[in-house]
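**Q** This is the structure I want to talk about, given as structure tokens.
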Amino acid sequence: MQRKGEDQPGYNGAMRRRLLIFGLSVALAVAFAPAGQDAVRTDATAMQQKLVAMALRGAATQPKTASPLRTTFTDRQVNAYFQQYGKTFLPTGVTDPRVTIVDDSHVRARAMVNLDQALQTKNRSWLDPLAWLTGTVEVSAAGRLTGANGQGRLLLDQATVGGVSVPISVLQQVVGYYTRTPEQPRGFDLTQPFPLPSRIQSIALAPGMATIVQ
């Protein structure tokens, strides 16, 4: 016995279409959303394992005849690591950092940064443009990164705050504030060479990836 409506023209075709659309929607939701989340976790875990391995090697005594260890990672893995674990080590006021390795020497970086403390560490005249930079805005920088003979160097070409170009000195004030430690009360100096950690000897860049020689 037919149910009501089944004898109407097009009934079966319309029902099949609706079921097909519903099925495809469910399949897409199940297949793609978790896959994207899993990819981030996989990349973050891979980056964490590489960082731990490099730190352990750097802390261990190595024989003079030991061959250099090369560790390669992608900027996608770095960004996944920031996304997955950033809350555990990023300073309060800095969120959502992203790094792009452009080519064999150039890198770009950006993050959302709270400027209220970083730039308001002293009284400023209302004529000072920095007095008007407040709240959480995007801070970005671009330049060259080199690493050789156990030393790293950043040569910055440009910096922006809230999409507006600013002198590197402004970026230095922000970075210096958020990287202060008891050993470095003024924070990291963007203009000076710096020792590479964990006995890293050199850094080689390529589009989208970096190789650490240790």
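The values are calculated or read from the model by the stated rules, or taken from the named source; none is laboratory data. On a predicted model such as this, the values are computed, not experimentally measured, just so you know. No Cβ is skipped: glycine too gets one built from the backbone with ideal geometry, and neighbour counts run over all protein chains shown. Keep in mind that these areas ignore ligands, DNA and RNA; they rest on the heavy atoms of the full protein, side chains included. Shrake-Rupley method; radii C 1.70, N 1.55, O 1.52, S 1.80 Å.
**Q** May I ask which residue of G176, Q77, P63 lies farthest towards the positive end of the charge dipole of region 45-188, with charges of +1 (Lys, Arg) and -1 (Asp, Glu) on Cβ and the Cα centre as origin?
**A** Comparing the listed Cα positions along the dipole, P63 ranks first.
**Q** Counting only protein heavy atoms and a 1.4 Å probe, tell me what percentage of region 82-122's accessible area is made up of carbon and sulfur.
**A** It is 52 percent, rounded to a whole number.
**Q** Grab the beta carbon distance between I203 and T134, set R0 = 30 Å, and tell me the FRET efficiency rounded to 0.05.
**A** 0.25
**Q** OK, next. What Kirkwood radius, in Å to one decimal, follows from the Cα pairs of region 130-214?
**A** Evaluated over region 130-214, this radius sits at 14.5 Å.
**Q** Let me ask something additional. Can you work out the accessible area per residue across region 38-120, with the rest of the protein chains kept in place, probe 1.4 Å, in square angstrom?
**A** 61 Å²
**Q** Same structure again: Given a 1.4 angstrom probe, I'd like the percentage of the accessible area of region 148-196 that is carbon and sulfur, rounded to a whole number.
**A** In region 148-196, the share of accessible area belonging to carbon and sulfur is 55 percent.
**Q** Something else: Given contacts defined as C-alpha pairs under 8 Å and at least six residues apart, what's the relative contact order of region 58-214, whole-number percent?
**A** Result for region 58-214 is 27 percent.
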